[in-house]
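Comments concern the structure below.
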Amino acid sequence: MNMDKHQIANVLAEMAALLDLKGENPFKVRAYENAARVLDGLSQDLDHLIARKQLTDIKGIGANLATHITELHAHGTFDEYVQLRRSIPEGVVAMLAIPGLGAKKVGTLWKKLKITTIDELEKMCRAGKIAKLEGFGEKSQEKILKGIESVRRFSGRHLVSEAHVAAAALLDAVKKCKAVLRAEVGGSVRRYVETVGDIDILVATKNPEAVMDYFVTLPDVTQVVAKGATKSSVVLSSGINADLRAVTEREFPFTLHYFTGSKAHNVAMRSLAKQHDMKLNEYGLFKGKDEKRIPCKDEAAIFAVFGLDFIPPELREDMGEMEAAAKKSLPRLVEQGDLKGVLHAHTTYSDGRASLEEMAFAAKKRGFAYLGISDHSKSAAYAGGLSVEQIHQQHREIDQLNKKLTGIRLLKGIECDILADGSLDYSDDILETFDFVIASIHSKFTMTESEMTKRICAAISNPHVDILAHPTGRLLLTRDPYPVDMLKVIQCAAKQGVAIEINSHPQRLDLDWRWGQQMMALGVKTLISPDAHSTDGLDVVRFGIGIARKGWFEKEDVLNCFGVDNLLMHFQRHEK
Ligand code: DGT
Ligand code: CA
Ligand code: CA
Ligand code: ZN
């Protein structure tokens, strides 16, 4: 199996954690950590570097690591990794996923208390035995219990970004089966929900048996959970489950609609059918007492029977889409091609991995006309936040680059920390020097809902703040949002003319799309931001697009669909 640089980086990072867990030489641990980071942010083409044996030219990659990377690239594994994995029980490795429990502590639990599963760890916590262990204590024991609970709650779900890649590859493979006439992805993946339970594939065929035989023997399948005449379930190498259902061509549009869901949307559709004296299910649409079949060649035809416009899958959540489709007032959802530029990108000035110039080129290459730079502010010491002097220096460099570069314009911004009391990290005379100011929270997450809401509203009431970033601070499947009254924040943003970003990082996808309609009703704009920390980091906007569409956003509501002049005018007007 061929691995790309991010997959390789993941293995190297895991390697670092496993070595750390075993108590190996810290320099070796750090070397793997470093290499993982370097690969993640690599701007050169990895295939080329490997083909030309130039990996060791990269700072932080020695001969040994170069060999490992080359092997991972070609075979998806390497000896030392396999041996290391073998030397540690599965359950101990699984403990690494518990938030707040680092590799060293997992190592201690394993060696000192012989704990080899999460269940055992939970028992020991409940018996108060972890608190007594040196270096742990009551607080740490409580944190571990909370962590275990969250691992359990999140297990079995996957990020939509990962599910999308897996589903697209699976669909391609399924379509290659000769017996397959039509195939589509349905379920939460098609609806672009931020986390996904499993992948649903729907197939039209005359020969379901042949499709089932083909499906369960695909190379990416690691386990067959069930194989039936028209339905099978498997586990893919990514650990994601996939269901496949095979029906006739006549049934296919109904099956696709039904298994796209959501359940709530299906319930609404079925009750609409009832009002028309019809019955709608996964096999068809039937009229009257004698259940006369009403043929539909595709989903649009099904909606049309009820006088509805075609409802894009992202909107099928029973959140007003039926009414809008009946009134012909569905939104024209924003598309990737509508983006004129992006804001919210980090550089080597703070914790980004690429220089201003590299980021500018990368943005231009992706067809953007502008790139808004927003490094961290001075309180974000962990992320190399900028001193006032560094801000001046960056602004001079941006001015020079803008004179030199064609086809791309850099904008001067900052991601300014919101301090605990709701004040900002720089004085107003500094904030004034930026084209735009992003405010966000990176510290002091444990506050009550009303304190947190007050803190955010205070910050965005500063007239220099143009954008609120990742408004809930959540990390999908790892960290819950901090408690905050989003409705109040949106109302405050409306009053102040502040936009709320959709952070496109696959683990954030924060704004929650469920607030989209509310925001537009109050006239609050959004932005689809990459929060890029490397050149590749710009590509995640495609996930943000999915979420924006799910939130009903049209291009008029998305600030980075504006041309640069309109955008700057918008920010200037807002400041006044
Ligand atoms: P997931 O997999 O948990 O991320 O979410 P979905 O939406 O993909 O759910 P899944 O895979 O269980 O089922 C796919 C779709 O099939 C679901 O969105 C709606 C439809 N469906 C499944 N079970 C039912 C049901 O009991 N009633 C109705 N009305 N629809 C159902
Ligand atoms: Ca599903
Ligand atoms: Ca399913
Ligand atoms: Zn950021």
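Six or more apart or on different chains, Cβ atoms under 6 Å: show the pairs whose first residue is in region 227-255 and assigned to a loop (DSSP other than H, G, I, E, B) and whose second is open to solvent by 10 Å² or more (accessible area, probe 1.4 Å) and within 14 Å of ligand 1 (Cβ to nearest atom).
The qualifying pairs are 238/166; 240/158; 240/166; 251/283.
Any residue in region 396-417 that's in a loop (DSSP other than H, G, I, E, B): show its pairings with residues that are basic (Lys, Arg) at Cβ separation under 8 Å, as long as the two are six or more apart or on different chains.
Short answer, once both residue conditions are applied: 405/364; 407/364; 408/364.
So which residues in region 167-200 are touching a strand residue (DSSP E or B) at 6+ places or on another chain (Cβ under 9 Å), outside any strand (DSSP E or B), open to solvent by less than 30 Å² (accessible area, probe 1.4 Å) and within 15 Å of ligand 2 (Cβ to nearest atom), if there are any at all?
Residues satisfying the conditions are 167, 170, 171, 186, 187, 188, 189, 194, 197.
Determine, yes or no, whether residue 152 is open to solvent by 90 Å² or more (accessible area, probe 1.4 Å), under 28 Å from residue 19 (Cβ atoms) and modelled with pLDDT under 95.
Details: open to solvent by 90 Å² or more (accessible area, probe 1.4 Å): yes; under 28 Å from residue 19 (Cβ atoms): yes; modelled with pLDDT under 95: yes.
Yes, satisfied.
Go over the candidates 495, 488, 454 one by one and state the one that is within 30 Å of residue 159 (Cα to Cα) and of a type in the set (D, E, K, R).
Values: 495 fails: within 30 Å of residue 159 (Cα to Cα); 454 fails: within 30 Å of residue 159 (Cα to Cα).
The conditions single out 488.
May I ask you to verify whether residue 429 is over 26 Å from the mean Cα position of the chain (by Cα) and open to solvent by less than 10 Å² (accessible area, probe 1.4 Å)?
Numbers: over 26 Å from the mean Cα position of the chain (by Cα): yes; open to solvent by less than 10 Å² (accessible area, probe 1.4 Å): no.
No; evaluated as a whole, the condition is false for this residue.
Restricting to region 481-509, name every residue that is more than 21 Å from residue 461 (Cβ to Cβ) and more than 16 Å from ligand 1 (Cβ to nearest atom).
481, 502, 503, 504, 505, 507, 508
Of the conditions (1) of a type in the set (D, E, K, R); (2) in contact (Cβ under 8 Å) with a residue 40 or more places away in the chain; (3) buried (at least 23 other Cβ atoms within 10 Å of the Cβ); (4) within 17 Å of residue 160 (Cα to Cα), residue 508 satisfies every one except a single condition; which number is it?
Result: residue 508 passes all but (2).
Take the residues in region 386-399 that are more than 13 Å from residue 347 (Cβ to Cβ) and not charged (D, E, K, R); name whichever of them is most open to solvent (accessible area, probe 1.4 Å).
From region 386-399, those more than 13 Å from residue 347 (Cβ to Cβ) are 387-389, 392, 396, 399; that's our starting set.
From the residues that got through so far, the ones that are not charged (D, E, K, R) too are 387-388, 392.
Numbers: 387: 47, 388: 55, 392: 76 Å².
Top of the filtered list is 392.
Name the residue, out of 84, 121, that is under 15 Å from residue 21 (Cα atoms), touching a residue at least 24 places away in the same chain (Cβ under 8 Å) and assigned by TED's automatic domain parsing to the domain that holds residue 66.
Values: 121 fails: under 15 Å from residue 21 (Cα atoms).
When all the criteria are applied, what remains is 84.
For (1) open to solvent by 20 Å² or more (accessible area, probe 1.4 Å); (2) without any contact (Cβ under 8 Å) to a residue 24 or more places away in the chain; (3) over 12 Å from the mean Cα position of the chain (by Cα); (4) within 16 Å of ligand 3 (Cβ to nearest atom), each residue gets a yes or a no:
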{"position": "517", "(1), (2), (3), (4)": "yes, no, yes, no"}
{"position": "527", "(1), (2), (3), (4)": "no, no, yes, no"}
{"position": "544", "(1), (2), (3), (4)": "no, no, no, no"}
{"position": "551", "(1), (2), (3), (4)": "no, no, yes, no"}
{"position": "561", "(1), (2), (3), (4)": "no, no, yes, no"}
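Inside region 443-457, can you point out the residues that are modelled with pLDDT of 95 or more and open to solvent by less than 50 Å² (accessible area, probe 1.4 Å)?
452, 453, 455, 456, 457 - these are the residues of region 443-457 that are modelled with pLDDT of 95 or more and open to solvent by less than 50 Å² (accessible area, probe 1.4 Å).
Kindly indicate whether any position in region 364-380 is in contact with an Asp or Glu (Cβ under 9 Å, 6 or more places away or on another chain) and assigned to a helix (DSSP H, G or I).
no
Looking at the structure I just gave you, is residue 282 among the acidic types (Asp, Glu) and in contact with a Leu (Cβ under 8 Å, 6 or more places away or on another chain)?
Numbers: among the acidic types (Asp, Glu): yes; in contact with a Leu (Cβ under 8 Å, 6 or more places away or on another chain): no.
Answer is no for this residue.
In region 172-218, what residues are without any contact (Cβ under 8 Å) to a residue 24 or more places away in the chain and either touching a helix residue (DSSP H, G or I) at 6+ places or on another chain (Cβ under 9 Å) or within 26 Å of residue 316 (Cα to Cα) (or both)? Spell out the reasoning first.
Taking region 172-218 as the starting set, the residues that turn out to be without any contact (Cβ under 8 Å) to a residue 24 or more places away in the chain are 172, 175-176, 183, 185, 209, 213, 216-217.
Those that are without any contact (Cβ under 8 Å) to a residue 24 or more places away in the chain and either touching a helix residue (DSSP H, G or I) at 6+ places or on another chain (Cβ under 9 Å) or within 26 Å of residue 316 (Cα to Cα) (or both): 172, 175, 176, 183, 185.
The values are calculated or read from the model by the stated rules, or taken from the named source; none is laboratory data. Just so it is clear, the model here is predicted, and its values are computed rather than measured. Ideal geometry is used to build each Cβ from the backbone, glycine not excepted, and the neighbour counts take in all protein chains shown. Accessible surface areas use protein heavy atoms only, side chains included; no ligands, DNA or RNA. Shrake-Rupley method; radii C 1.70, N 1.55, O 1.52, S 1.80 Å.
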